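To start, the structure under review is shown below, and the notes come after it.
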Amino acid sequence: MRECDVLVIGCGPAGLSAAQYAARAGYRVLAADALAPGGQLLYIDEIENYPGTEKMSGYALAEALEKQAVSFGVEIGFMEIASIEKDGDAFIAHSADEDIAAKAIIYAAGARHRHLGCQGEEEYQGKGVSYCATCDGPFFRGKDVVVVGGGDTALTDALYLSKICSSVTLVHRRMEFRGQKVLSDRVRARENIRLELGRNVVSVNGNGRNVTSVTLDDGRMIEASALFVFVGIIPNTEAIDGLVELSGGFVVTDGSMRTSVPGIFAAGDVRTTPFRQVVTAAGDGALAAHAADSYIQGLNG
Ligand code: NAP
């Protein structure tokens, strides 16, 4: 069985920051992720509000975070942690290929995109229905597309798509946006973004190969080559379901990132937090590593 002091689960900005802080404090740190390090950073075209940086791509920031963590001795493990159990003072995490023993766990597994659940959504996934503007937007250069959602992701990605696509119709179920005002002001000012507020998408239609239109709940059909769905996130808590307290599906923590189980800490989008940003995820990671340090020192007497 592989052993480490701190097992970090998830290599987004929260996980990589936690790993970096814990390794820099002298601990043996394994940071596990089933995918390439970066988490949701990898889907962000441009970050303009990370303190002290010029505009940069999410990919560039992910690379910098990984490089920095590795420079302090973090080992990155490409594995999916399926479950965690308590074993005396330690924890055993199980992946398909191996078990890992750790003194403390920092759970930073992030979140995934919620689906809309409308007719045609599953059938046209990969044929025009997308959950990632930076991944799929360039396939619809010069085309008309529809975006659904009213949070920061829908606003940010509608702005991104408006630079590539001929037009963007932004459909949101309420009259007010949930996302930040600075973003909604930009959306409202963008000439080729048309708003459909107080409306829902009821179906996405196509010819079997591609999306051709989207139907709204007032019966109108909007011709479009793609539907981008940004209706929120679902926390990735599968590995700790039943182990720690959750609220609304998110992991409950205190201000030090401690969960209901001593020795398990949570950071980033997976935890209950009023504001999900790259900087808050990174801050969570630092706090979680600090709390894990205190916890391990307590174990050592
Ligand atoms: P979000 O803030 O939860 O917003 C989800 C949006 O989808 C809401 O407007 C919601 O409508 C709508 N929605 C949910 N279910 C729906 C349904 N079944 N049908 C139609 N609409 C539905 O999610 P998010 O935008 O993905 O953001 C997730 C987190 O990441 C947030 O904390 C956000 O601040 C953060 N984030 C920040 C940035 C940035 O700062 N640049 C960028 C991206 C994400 P209602 O408003 O009516 O509930």
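The values are calculated or read from the model by the stated rules, or taken from the named source; none is laboratory data. For clarity, every value in this text was computed on a predicted model and none was experimentally measured. Neighbour counts run over all protein chains shown; Cβ positions are idealised from the backbone, glycine included. The protein model used for the area step is the full one, side chains on, heavy atoms only, and it has no ligands, DNA or RNA in it. Shrake-Rupley method; radii C 1.70, N 1.55, O 1.52, S 1.80 Å.
Cα axis of helix 58-71 to longest principal axis of the chain: angle in degrees, 0 to 90, nearest 10? In the chain, helix 58-71 runs at an angle near 10 degrees to the longest axis. For the stretch 1-24, list residues with backbone N below 18 Å from a point placed 7 Å from the Cα of Ala90 toward its Cβ? So the set is 1-9.
What does the charge count near Tyr27 come to, summing +1 for each Lys or Arg and -1 for each Asp or Glu among other residues with Cβ under 13 Å from its Cβ? Charge balance in the 13 Å sphere: -1.
Taking every DSSP helix (H) stretch of at least 4 residues in the chain, weighting each as -39,500 (n - 2.57) and dividing the sum by the residue count yields a mean residue ellipticity at 222 nm of -7500 deg cm²/dmol. As a ratio to 2.2 N^0.38 Å, the alpha-carbon radius of gyration computed for the chain takes the value 1.08.
Once both labels are positioned 7 Å from their Cα atoms along Cα-to-Cβ, the gap between Ser83 and Lys181 label points is 5.0 nm. Label-to-label distance for Gln68 and Arg194 is 4.4 nm, based on points extended 7 Å past Cα in the beta-carbon direction.
Stokes-Einstein diffusion for the stretch 168-252 at 10 °C, viscosity 1.306 mPa s, with a Kirkwood radius from C-alpha pairs, works out to 102 µm²/s. Lacking any other cysteine beta-carbon closer than 4.7 Å, the following Cys residues of the chain have no compatible partner: Cys4, Cys11, Cys118, Cys165. Summarising the strand pairing of the chain, around 40 percent of its internal DSSP beta bridges are antiparallel. Computed over protein heavy atoms with a 1.4 Å probe, the carbon and sulfur contribution to the accessible area of the chain reaches 49%. Projecting the Cα atoms of His115, Val204, Thr153 onto the dipole axis of the stretch 115-229, where Lys and Arg carry +1 and Asp and Glu carry -1 at the beta carbon, places Thr153 farthest toward the positive end.
Temperature 4 °C, viscosity 1.567 mPa s: under these conditions the Stokes-Einstein estimate for the stretch 92-205, based on its Kirkwood radius over C-alpha pairs, is 81 µm² per second. Based on Cα contacts under 8 Å between residues 6+ apart, the chain shows a relative contact order of 21 percent. Only Cα pairs under 8 Å and 6+ residues apart enter the sum, and on that basis the relative contact order of the stretch 115-229 stands at 33 percent.
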